[in-house]
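Readers should treat all values here as calculations from the given coordinates under stated rules, not as data from a laboratory. Quantities reported herein were computed from a predicted structural model and do not represent experimental measurements. Glycine gets a Cβ as well: all are built from the backbone with ideal geometry, and neighbour counts include every protein chain shown.
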Amino acid sequence: MRPSARELEVLIDRALEEDSVGADVTTSALIPPHLEARALLVPQEPGILAGLDVAASTFKRIDPELQITLKLLDGDRVEGGEIVAKIDGSMASILTAERTALNFLQRMSGIATLTAEYVKEVQGTNAAISDTRKTVPGLRVLDKYAVSIGGGRNHRMNLTDGVLIKDNHLAALQKEGFDLVQTIKRARSNAPHTVKIEVEVETIEAAVVAANVGADIVMLDNMSPEDMATAVDKIATNCVVEASGGITLENVASVAQSGVDIISIGALTHSARAMDISLDYEPNVN
């Protein structure tokens, strides 16, 4: 999901306000206003780029007169040392925007790169890699956009996007005398008819119950690939089957081979390592 122009403007302004860019005492004390420069964005390692437009917009938000030239696009694979963009104009403006722009670009590229690694591991299967809502508060639209750039799919953007009955919902309703069947029926009767019902289960038996009572999506949580395969055989004709919990690059292929439709992975956004990207200056630019 690509952020709208308004969403992007708000996110950039919030980040720049956090950095108090209007009072950059270091740049004000050191850099003459007339000094021009050319800066290059250069990844120090290979990966998938995401957030180039966000970084460019950050520089332009500081100084609309800066000239930004993108050499590559979001989704492109880059090698270490390859120039991906150049920025020409006021050195003071570039210095003031540098850290904020790089923070966006490094995080988003890290998420896209990690997502692409998971997608590669499940090639040849029917499974799609998906994110979760385990995102940085306030940056969800950028985190999820980066996942899509890496070849992944987006799960719920927010709590309005679907009913997801998890263990704590079930535990709360058990105290009221509701079992799994009654809980799903309650959700179906109370939620809008346009909303899908997803249920998180931890056993094959519960998966069968959820599918038979009408869940649109059954999430197999922290189950072994062998149990997932058994569950898929029993319920796949009735619903979409999702796997989640404890999934890593080392075991995602075996999870995909169980036959599930979707593999949701919180680590795509909560544990992605930022890509190492530097901003280097070219000397002698007039």
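Just a few scattered comments:
- With the largest listed first and rounded to whole Å, the semi-axes of the equivalent ellipsoid of the chain from the Cα gyration tensor are 45, 21, 13.
- When the C-alpha to C-alpha distance is required to be over 32 Å, the pairs from K86/K120; K71/K196; K60/K120; K144/K196 that qualify are K71/K196; K60/K120.
- Of the residues N222, G177, L164, the one whose Cα sits farthest toward the positive end of the charge dipole of region 162-265, with +1 on the Cβ of Lys and Arg and -1 on the Cβ of Asp and Glu, is G177.
- Residue list for region 185-199, given a label point 7 angstrom along the Cα-to-Cβ vector of N168 and an amide N cut-off under 17 Å: 199
- Cα long-axis angle, helix 52-62 against the chain (0 to 90 degrees, to the nearest 10): 50
- FRET efficiency for the pair E205 and Q123, taken as 1/(1 + (r/R0)^6) with r the Cβ-Cβ distance and R0 = 30 Å, rounds to 0.40.
- On Cα atoms only, tilt of 225-235 relative to the major axis of the chain in degrees: 60
- Alpha-carbon spread of region 1-107, three principal axes, descending order, Å: 38, 30, 21
- Cross-link reach is defined here as a Cα-Cα straight distance under 17 Å, omitting same-chain residues fewer than 8 places apart; for K185 the aspartates and glutamates meeting it are D167, E176, E198, E200, D216.
- Degrees between helix 140-149 axis and first principal axis of the chain (Cα, 0 to 90, nearest 10): 90
- Taking a point 7 Å out from the Cα of Y281 in the direction of its Cβ, the residues of region 66-93 whose backbone N falls within less than 13 Å of it are 89-93.
- Region 162-265: Rg to Rh, with Rh as the Kirkwood radius over Cα pairs: 0.97
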